[in-house]
Every structure is written in structure tokens, then in C-alpha cells.
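Only one structure is covered here, and it is reproduced in the block below.
The values are calculated or read from the model by the stated rules, or taken from the named source; none is laboratory data. No experiment lies behind these values; they were computed from the predicted model shown. Cβ placement follows ideal geometry from the backbone for every residue including glycine, while neighbour counts extend to all protein chains displayed.
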Amino acid sequence: MKKFKYQDKLDANTCDLSSYSERSREAFRWTFENITDQRNFSPVNFSVIRNDCTGWGLSFFESEEKAKVRFNEIKSNTPNFGKKVGDYISTGKLEVEDGISNDANRVGHFTHFEYDNIDLTTKFVVIAKI
């Protein structure tokens, strides 16, 4: 069985990832301008006081437009949101060997759980400032 990054956290939370699957897909993510910034591909559970299953995955969007729309919706209520997650859009291709993800929801968001020893900074490039 393949091991996930943060496997110990997923085990501790008894996470059910049965609705997630390996797949290749183009993905868009909010990032900081420097793609190698460590914050770009860190799960939200490291920056907020919570410890749930999806928080150990990474948030992505299925299109640049949907990522921008959702960013602006959140920023309208949280003015400093960009300082926390970055105010750029990056894109890359998630491959089967990178991990598992779920289907995108109505706003185009999906969660991806990386396999251990995956470095997404080598697969993503910054494409736009939001």
C-alpha cells in the first residue's frame, strides 16, 4: 500500500479516503509568487487550529477562473486572506503517482492527498496574480 504524506495524522483521525482516487488532472492552486515557498504546498491544518481529515490534503481548483472567483469571494469577507494563502494562481498537472483526489464540488474545488516523497513545487508554475 502506498504511504501518504502526513500518514500518521490521517491514521490518528481515522480518515476515510474511500471516495478519493488516483487520477491525472490539471489543477490550479492559490500560491505565493515564489513557487518554492514552503507555504504553497502545506496543508491548512498547519496554519489553523483544527485537525480534520481534509485539512491534511491540499486544496485545488479545476480551472483558473473558478480559483479566482472563490478567492475573491473569500477575500470579500477576509481582507487579509491573500497574506495567508498567497495571491497568485499556479497551475500544474497532478499525475496518478502523485496521490489521490476527490471530485470537484460545485465551486470547482477538490482536495488532493499527496503520496509520501512527492514534491509538487517541481510540477507547478505561477501563471497570474489575483
What number of residues within region 119-130 are hydrophobic (A, V, I, L, M, F, W, C) and either at positive phi or within 13 Å of the chain's Cα centre (by Cα) (or both)? 2
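A quick yes/no check of all residues on (1) in contact with a Gly (Cβ under 7 Å, 6 or more places away or on another chain); (2) at negative phi; (3) charged (D, E, K, R):
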residue: Lys2; (1), (2), (3): no, yes, yes
residue: Gln7; (1), (2), (3): no, yes, no
residue: Asn45; (1), (2), (3): yes, yes, no
residue: Phe60; (1), (2), (3): no, yes, no
residue: Ala67; (1), (2), (3): no, yes, no
Pick from Asp116, Asp98, Asp87: which is in contact (Cβ under 8 Å) with a residue 60 or more places away in the chain and of a type in the set (Asp, Glu)? Asp116
Subset of region 97-108 that is surrounded by fewer than 16 Cβ atoms within 10 Å (Cβ to Cβ) and within 21 Å of Leu10 (Cα to Cα) - its residue that is nearest to the chain's Cα centre (by Cα): Asp103
Output the residues belonging to region 70-95 that are surrounded by 12 or more Cβ atoms within 10 Å (Cβ to Cβ) and part of a strand (DSSP E or B). Tyr88, Ile89, Ser90, Thr91, Gly92, Leu94
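Residues checked against (1) modelled with pLDDT of 95 or more; (2) in a helix (DSSP H, G or I); (3) among the hydrophobic types (A, V, I, L, M, F, W, C):
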{"residue": "Asp16", "(1), (2), (3)": "no, no, no"}
{"residue": "Arg50", "(1), (2), (3)": "no, no, no"}
{"residue": "Lys68", "(1), (2), (3)": "yes, yes, no"}
{"residue": "Glu97", "(1), (2), (3)": "yes, yes, no"}
{"residue": "Val107", "(1), (2), (3)": "yes, no, yes"}
